[in-house]
Ligand code: CTP
């Protein structure tokens with residue numbers, strides 16, 4: 001969840017500032033871009049050099065660096081951040097945030113930022129329990145900030161009690177879960193199919209198609225980024241899936257059907273992007289077929305239409321999205337599939353559009369909803385197309 005996120009880590013004057021080095025390390029490891037702002041008191045506890053080295057970015061300590069003449073723009077920093085985590089936050093900085101005092105770079109960035117702000121307090125137990133601190137905490141929560149509560153344990157004073165900053169691992173886990181929960185598809189189970197299916201003729205030959213799986217994999221990625229728990233059922237393809245996805249590899253239409261049916265009842269949203277074979281050889285030769293006659297006839301039989309079967313089993317809370325790849329009379333065929341297969345959306349791509357369809361990195365789509373309302377999109381990268389499809393899905397998500 002923290003991958004590619006812009007994170008500002010504020011570090012205040014507390015002995016727990018030594019843990020900030022570990023926190024930076026974990027945030028960077030999770031893929032975040034980290035910029036650290038040290039308050040003047042924070043800089044007594046940990047050096048800017050340590051945090052700059054670990055974050056791979058300059059550390060900000062004040063508005064104006066006298067030695068370099070560089071002025072740090074608090075507004076720019078505030079707007080750069082996708083999230084701010086102040087860990088440790090001292091009783092003093094807590095009070096400043098609660099009352100709007102802005103006498104250093106960190107407090108000015110806090111006031112300028114529009115992103116979620118998390119604070120992980122660290123102080124002695126009586127300071128933490130003090131009514132002033134507790135009322136400041138309540139005010140901060142009231143402003144929409146998120147408090148990562150301190151733990152019980154031995155404190156720097158030698159006393160035991162509440163006031164220890166949460167451990168860096170716990171903070172990162174907290175941030176990760178918190179981002180997940182804020183995503184629009186959090187708690188939704190999504191199934192995506194991708195790639196072709198292969199129908200065996202004999203042990204060495206098959207009937208297949210040119211689907212690369214790129215569109216389905218891009219969709220699975222985007223849906224996961226929106227917080228969904230994604231099961232990706234993939235036919236034979238060279239595409240690599242993100243580790244966060246549950247990937248099930250299949251070869252034939254029957255295998256894809258079995259995997260889809262097994263997962264469908266639990267699924268909130270299904271996107272059937274695979275280019276499924278419509279026919280398969282009636283008999284699969286057990287030995288390699290030798291060339292003997294001048295011609296060879298293969299008797300084919302229809303495969304099961306997976307999407308139509310899911311459409312029949314669909315409950316009212318479930319969303320079903322199908323694709324239609326057409327060469328002629330595109331819109332009518334697409335609308336026909338929407339109705340016949342009981343879909344909520346159908347994504348049409350026409351092979352008449354250059355750069356659309358199999359193998360290419362781009363696609364051009366038109367989406368129809370149940371009311372046959374049409375949205376036409378420009379030619380885009382498959383990642384951008386996946387985002388458009390997700391936007392259409394979000395509009396109808398129950
Ligand atoms: N599909 C499926 N099972 C099949 C065939 C297709 O689930 N056996 C799904 C595809 O994944 C796609 C949609 O149905 O989402 C449309 O597939 P397409 O092959 O274009 O349409 P068909 O319904 O098979 O009709 P036709 O081949 O006549 O165009």
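The values are calculated or read from the model by the stated rules, or taken from the named source; none is laboratory data. Everything numeric here is computed off the predicted structure, so don't read it as measured data. Ideal geometry is used to build each Cβ from the backbone, glycine not excepted, and the neighbour counts take in all protein chains shown.
Quick notes on this structure:
Per-residue answers, yes or no, for (1) touching a residue at least 60 places away in the same chain (Cβ under 8 Å); (2) more than 13 Å from the ligand (Cβ to nearest atom):
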| residue | (1), (2) |
| --- | --- |
| 180 | yes, yes |
| 184 | yes, yes |
| 197 | yes, no |
| 208 | yes, yes |
| 217 | no, yes |
| 220 | no, yes |
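Each row is one residue, and each column tells you yes or no for (1) more than 22 Å from residue 148 (Cβ to Cβ); (2) touching a residue at least 60 places away in the same chain (Cβ under 8 Å).
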residue	(1), (2)
44	yes, no
62	yes, no
75	yes, no
96	no, no
109	no, yes
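- Residue 355 surrounded by fewer than 21 Cβ atoms within 10 Å (Cβ to Cβ) and modelled with pLDDT under 95: yes
- Test for residue 398: is it more than 13 Å from the ligand (Cβ to nearest atom) and either out of contact with any strand residue (DSSP E or B) (no Cβ under 9 Å at 6 or more places or on another chain) or over 27 Å from residue 238 (Cβ atoms) (or both): yes
- For the range 284-304, filtering for residues that are out of contact with any helix residue (DSSP H, G or I) (no Cβ under 7 Å at 6 or more places or on another chain) and closer than 29 Å to residue 337 by Cα leaves 5.
- The range 299-312, residues that are assigned to a loop (DSSP other than H, G, I, E, B) and more than 7 Å from the ligand (Cβ to nearest atom): 299
- Exactly one residue among 251, 276 is out of contact with any helix residue (DSSP H, G or I) (no Cβ under 6 Å at 6 or more places or on another chain) and buried (at least 16 other Cβ atoms within 10 Å of the Cβ), and that residue is 251.
Residue-wise test of (1) under 23 Å from residue 210 (Cα atoms); (2) out of contact with any helix residue (DSSP H, G or I) (no Cβ under 9 Å at 6 or more places or on another chain).
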{"site": "308", "(1), (2)": "yes, no"}
{"site": "319", "(1), (2)": "no, no"}
{"site": "322", "(1), (2)": "yes, no"}
{"site": "344", "(1), (2)": "no, no"}
{"site": "349", "(1), (2)": "yes, no"}
{"site": "362", "(1), (2)": "yes, no"}
{"site": "391", "(1), (2)": "no, yes"}
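- The set of residues in the range 168-197 that are surrounded by fewer than 16 Cβ atoms within 10 Å (Cβ to Cβ) and over 30 Å from residue 216 (Cβ atoms) comprises 169, 170, 173.
- Selection status of residue 315, within 22 Å of residue 375 (Cβ to Cβ), away from the ligand (no atom under 16 Å from the Cβ) and loosely packed, with under 13 Cβ neighbours inside 10 Å: no
- Conditions (1) within 27 Å of residue 384 (Cα to Cα); (2) within 15 Å of the ligand (Cβ to nearest atom); number of the one not met by residue 239: (2)
- Filter pass, residue 348 being closer than 19 Å to residue 278 by Cβ and part of a loop (DSSP other than H, G, I, E, B): no
- Residue in the range 279-297 that is surrounded by 14 or more Cβ atoms within 10 Å (Cβ to Cβ), modelled with pLDDT of 95 or more and either within 12 Å of the ligand (Cβ to nearest atom) or closer than 20 Å to residue 194 by Cβ (or both) present: yes
- Filter result (surrounded by 13 or more Cβ atoms within 10 Å (Cβ to Cβ), outside any helix (DSSP H, G or I) and either modelled with pLDDT under 90 or more than 8 Å from the ligand (Cβ to nearest atom) (or both)) within the range 326-345: 326, 342, 343, 344, 345
- When 331, 299 are screened for being without any contact (Cβ under 8 Å) to a residue 60 or more places away in the chain and under 26 Å from residue 251 (Cα atoms), only 299 passes.
- Residue identified as touching a residue at least 24 places away in the same chain (Cβ under 8 Å) and in a helix (DSSP H, G or I) among 239, 254: 254
- Flag if residue 262 is over 20 Å from residue 340 (Cβ atoms), within 16 Å of the ligand (Cβ to nearest atom) and loosely packed, with under 15 Cβ neighbours inside 10 Å: yes
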